[in-house]
Structure formats: structure tokens, C-alpha cells
1. So what is the 222 nm mean residue ellipticity for the chain from helices alone, if each DSSP H run of at least 4 adds -39500 (n - 2.57) and you divide by all residues, rounding to the nearest 500 deg cm²/dmol?
2. Which value does Rg/Rh take for region 75-129 over its C-alpha atoms, Rh per Kirkwood?
3. Rounded, prolate or oblate: which fits region 3-68, taking a ≥ b ≥ c as square roots of the Cα gyration tensor eigenvalues, rounded meaning a/c under 1.5, else prolate when a/b beats b/c?
4. Leu46: net charge of surrounding residues, Cβ under 10 Å, Lys/Arg +1, Asp/Glu -1, itself excluded?
5. Output the relative contact order of the chain, whole-number percent, from Cα pairs under 8 angstrom with separation of 6+ residues.
6. Which longest uninterrupted range of the chain lacks any trypsin sites (Lys or Arg not before Pro) assigned by DSSP to a loop state (not H, G, I, E or B) and surrounded by at most 15 other Cβ atoms within 10 Å?
7. By how many nm would the segment from Tyr112 to Gln85 lengthen if fully extended, with 0.36 nm per residue of separation less the alpha-carbon distance?
8. Averaged across orientations, what area in nm² does the convex hull of the alpha carbons in the chain project?
Amino acid sequence: MDWDRIAGNWKQFTGSIKEQWAKLTDDDLAQIAGKREQLEGKLQELYGHGKENVTKEIDEFIARHKSWDGIAGNWKQFTGSIKEQWGKLTDDDLAQINGRREQLEGKLQELYGRGKHEAKKEIDDFLARL
């Protein structure tokens with residue numbers, strides 16, 4: 001996945017973007033409207049980060065979602081590995097999650113008492129091992 005895919009599906013990604021950068025408002029996201037340069041500028045303004053740091057953060061965001069796209073698109077093939085990793089997940093849980101990363105994060109929080117960031121990190125670590 002590259003930025004063009006995010007820009008083309010901007011509304012679908014705004015939830016994940018707001019999770020990543022909580023200072024962004026709905027108005028900010030509406031103004032940015034999928035334009036990476038505007039997102040970079042707004043993040044620099046809100047967080048006081050330099051352009052290089054913001055660029056790296058956005059690239060990491062894209063990489064995380066790119067990795068997940070491969071799983072989401074082939075969900076049934078990965079459910080065994082996911083269930084092996086997180087044994088408390090039931091078949092019903094996996095059917096409900098149905099490839100949606102946010103749903104998996106929520107289930108990890110619920111079943112294992114993980115915090116939001118801890119659940120995200122576990123999933124990132126899982127993806128890195130694939």
C-alpha cells in the first residue's frame with residue numbers, strides 16, 4: 001500500500017489516523033482530505049515535530065497498514081496462525097473480527113486485559129514474524 005491508497009480511501013482511514021495522532025480533529029481531517037503534504041504540515045504544527053520525523057511517522061503508519069492488508073485480504077488463511085498466537089480467540093471471535101485490525105486490537109484488550117498501545121504492539125510484532 002502506498003499513500004495513494006490511503007488518499008483514495010481517506011474516510012476509511014481517518015479512524016486509524018486519529019488513533020495514531022489523537023490531536024487531529026475531525027475538521028483537520030476534513031481539510032487534509034487525503035493530501036499527505038497537508039497531513040505532514042498539520043502534524044508538525046500540532047506536535048512540534050520536524051519534517052523528517054513526521055515523514056518517518058507517516059511512513060511507519062503506511063507500513064503497518066500495508067502489512068495488515070495482506071492478512072485482511074487473506075483472512076481465512078491466517079486465522080490458524082492468529083489463533084495459535086492468541087489462544088483465547090474463539091472461532092466466533094475470528095469470524096467477528098473478519099480481517100479488521102481494530103477489531104482484533106479490541107479483542108486483545110478485552111480477552112487479555114491489554115492496553116490499546118500494547119495490543120497494537122503485539123499485532124505489529126506478530127506481523128514482523130510472518
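Read the figures in this text as sums done on the coordinates, not as results from a lab. All of these numbers come straight from a predicted model, not from anything done at the bench. Here Cβ is always computed from backbone atoms with ideal geometry, including for glycine, and neighbour counts include all displayed protein chains.
1. Value at 222 nm, helices only: -24000 deg cm²/dmol.
2. 0.91
3. oblate
4. 0
5. Details: 74 pairs, mean separation 23.6, N = 130.
Reported relative contact order: 18 percent.
6. Details: sites that count: Lys23, Lys35, Lys88, Arg100.
Free of exposed loop sites, the longest segment is 36-87.
7. Values: separation 27, 0.36 × 27 = 9.72 nm, distance 1.22 nm.
Here the answer is 8.5 nm.
8. 8.1 nm²
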